[in-house]
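Here you go, one structure.
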Amino acid sequence: MGDSFQIIVDKDASADDAPRLAARLRDWLVARRIIAPELTDCVLGGSGHRPGASRTAALEVPDEESWCWGLETNGLQMEVGRTVFFTIGGELTCRACGAHFEPEDGWSEAVDDWYGGNDGAEFNCPECGTPERLVEWSGESPWGFGHLGFKFWNWPPLSERFIQEVTEELGHRTLLVRGHL
Ligand SMILES: [Zn+2]
């Protein structure tokens with residue numbers, strides 16, 4: 001089996017604000033002992049913070065004995081800078097017509113457009129044709145678009161309360177992206 005991840009994406013942080021917000025949230029997580037202060041080789045493609053002594057305070061089910069904790073890839077990776085927080089497939093819901101669908105035709109072009117610097121890049125609902133900005137698409141399994149993300153590698157499910165606390169600490173809207181490799 002591969003590695004899974006949960007990413008709390010800040011939908012509103014600007015490119016200028018992202019580094020400062022990342023540092024502030026890191027300090028907050030370290031103070032609560034959710035993560036360890038050191039940066040180590042515990043994520044894929046970079047470095048991250050290993051789970052701290054109070055890691056289970058972030059979880060839906062505070063499982064101290066979870067097999068996850070023994071894994072090498074088990075850290076929090078902070079991603080700063082324009083990033084597409086993708087998941088394989090994904091499932092979106094149209095706010096206009098309620099259709100659920102896996103984004104296909106035109107999605108990758110819109111993603112490229114956003115990644116190229118167009119914050120207003122849009123994608124049209126395949127059912128009703130209503131355009132929606134990429135960053136506003138949501139659903140069961142959304143993609144995230146932004147300048148700041150907190151990627152938890154191989155952690156058990158994060159609790160809604162924890163995500164809400166992080167959201168309040170950031171002072172922005174957030175989105176949870178889940179996936180596996
Ligand atoms: Zn629609």
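Please get the size of the charge dipole for the chain, origin at its Cα centre, with Cβ charges of +1 on Lys and Arg and -1 on Asp and Glu, quoted in debye to the nearest 20.
About 680 debye.
Another question about this same structure. Over the chain, what is the relative contact order in whole percent, taking alpha-carbon pairs under 8 Å and six or more residues apart?
39 percent
Across the range 15-21, in residue order, what do the Karplus-derived ³J(HN,Hα) couplings come to in whole Hz, using 6.51 cos²θ - 1.76 cosθ + 1.60 with θ = phi - 60° and x for Gly and Pro?
With coefficients 6.51, -1.76 and 1.60, one gets 4, 6, 7, 4, x, 5, 5 Hz.
Among 158, 22, 176, flag the residue with its Cα farthest along the positive direction of the charge dipole of the chain, charges on Cβ as +1 for Lys/Arg and -1 for Asp/Glu.
Of 158, 22, 176, it is 22.
Still on this structure, please answer the following. Can you give the longest run of the chain that contains no trypsin sites (Lys or Arg not before Pro) sitting in a DSSP loop with at most 16 other Cβ atoms inside 10 Å? Present the calculation step by step, with values, prior to reporting the outcome.
Details: sites that count: 32, 33, 95, 173.
With a cap of 16 other Cβ atoms within 10 Å, the longest stretch comes to 96-172.
Taking the Cα-to-Cβ direction at residue 140 and at residue 178 and moving 7 Å from each Cα, how far apart do the two end points lie in nm?
With each label point 7 Å from Cα toward Cβ, the separation is 1.1 nm.
Measure off, as a whole percent, the carbon and sulfur share of the 1.4 Å-probe accessible area of the chain, all protein chains present.
47 percent
Follow-up. Let me spell out the model: positive unit charges on the Cβ of Lys and Arg, negative unit charges on the Cβ of Asp and Glu, origin at the Cα centre of the range 92-141. What dipole size does that give, in debye rounded to 20?
Working: 2 positive and 12 negative charges, 42 e Å.
Using Cβ point charges on Lys, Arg, Asp and Glu, the range 92-141 gives about 200 debye.
Please name whichever of 69, 31, 43 sits farthest to the positive end of the charge dipole of the range 21-133, dipole taken about the Cα centre and charges placed at Cβ: Lys and Arg +1, Asp and Glu -1.
Of the options given, the answer is 31.
May I ask you to evaluate 6.51 cos²θ - 1.76 cosθ + 1.60, the Karplus curve with θ = phi - 60°, for each residue of the range 160-168 and list the ³J(HN,Hα) values in order in whole Hz, giving x for glycine and proline?
After applying 6.51 cos²θ - 1.76 cosθ + 1.60, I find 4, 5, 5, 4, 5, 5, 4, 4, 5 Hz.
Over the range 92-141, what is the relative contact order in percent, taking alpha-carbon pairs closer than 8 angstrom and at least six residues apart?
42 percent
Using each residue's phi in the range 31-48, evaluate 6.51 cos²θ - 1.76 cosθ + 1.60 at θ = phi - 60° and report the 3J(HN,Hα) Karplus result to the nearest Hz, with x for Gly and Pro.
3J(HN,Hα) across the range 31-48, in whole Hz: 4, 8, 6, 6, 10, 7, x, 6, 8, 9, 7, 10, 9, 8, x, x, 10, x.
For residue 127, list long-range residues whose amide hydrogen, built 1.01 Å from N in the peptide plane, is under 5 Å from its own amide hydrogen.
The answer is none.
If I build a Gaussian network model for the chain, linking alpha-carbon pairs within less than 10 angstrom, which residue out of 45, 89, 146 has the largest mean-square fluctuation?
Per the Cα network of the chain with a 10 Å cutoff, 45 tops the list.
Take the alpha-carbon centre of the range 103-170, take the same for the range 1-33, and report the distance between them in whole Å.
15 Å
How much net charge surrounds residue 167 when only the other residues with a Cβ under 11 Å from the Cβ of residue 167 are counted, with Lys and Arg +1 and Asp and Glu -1?
Once all neighbours under 11 Å are counted, the net charge is -3.
Amide H to amide H under 5 Å from residue 158: which residues, 5+ apart in sequence or cross-chain, H placed 1.01 Å off N in plane?
60
Additional query: Which one of 128, 94, 42 has the biggest mean-square fluctuation once the chain is modelled by GNM with Cα springs under 10 Å?
In this elastic network of the chain, the residue with the biggest mean-square fluctuation among 128, 94, 42 is 128.
As a check on your grasp of the helix formula, calculate [θ] at 222 nm for the chain: sum -39500 (n - 2.57) over DSSP H runs of n ≥ 4, divide by the residue count, round to the nearest 500. Please report the intermediate quantities before stating the final value.
On the way: 3 runs with 34 residues, N = 181.
Value at 222 nm, helices only: -5500 deg cm²/dmol.
Taking amide H positions as placed in the peptide plane 1.01 Å from N, state which residues far from residue 145 in sequence (5 or more) or on other chains have amide H under 5 Å from it.
For residue 145, the qualifying residues are 85.
Multiply the residue separation of residue 28 and residue 165 by 0.36 nm, subtract the distance between their alpha-carbon atoms, and state the gained length in nm to one decimal.
Values: separation 137, 0.36 × 137 = 49.32 nm, distance 1.06 nm.
Working it through step by step, the gained length comes to 48.3 nm.
Under the Cβ-under-4.7 Å rule, which cysteines of the chain stay unpaired?
42, 68
Now for a separate question. Which GluC sites (Glu not before Pro) does the range 49-121 hold that lie in a coil by DSSP with at most 15 other beta carbons within 10 Å?
Here the sparse-neighbourhood loop sites are 60, 64, 65, 72, 104.
Counting only heavy atoms of protein chains, what accessible area per residue, in Å², does the chain have with a probe of 1.4 Å?
Heavy-atom accessible area per residue stands at 51 Å².
The values are calculated or read from the model by the stated rules, or taken from the named source; none is laboratory data. Since the structure is predicted, the reported quantities are computational estimates derived from the model, not experimental observations. Note that we place each Cβ from the backbone using ideal geometry, even for glycine, and neighbour counts take in every protein chain shown. Accessible surface areas use protein heavy atoms only, side chains included; no ligands, DNA or RNA. Shrake-Rupley method; radii C 1.70, N 1.55, O 1.52, S 1.80 Å.
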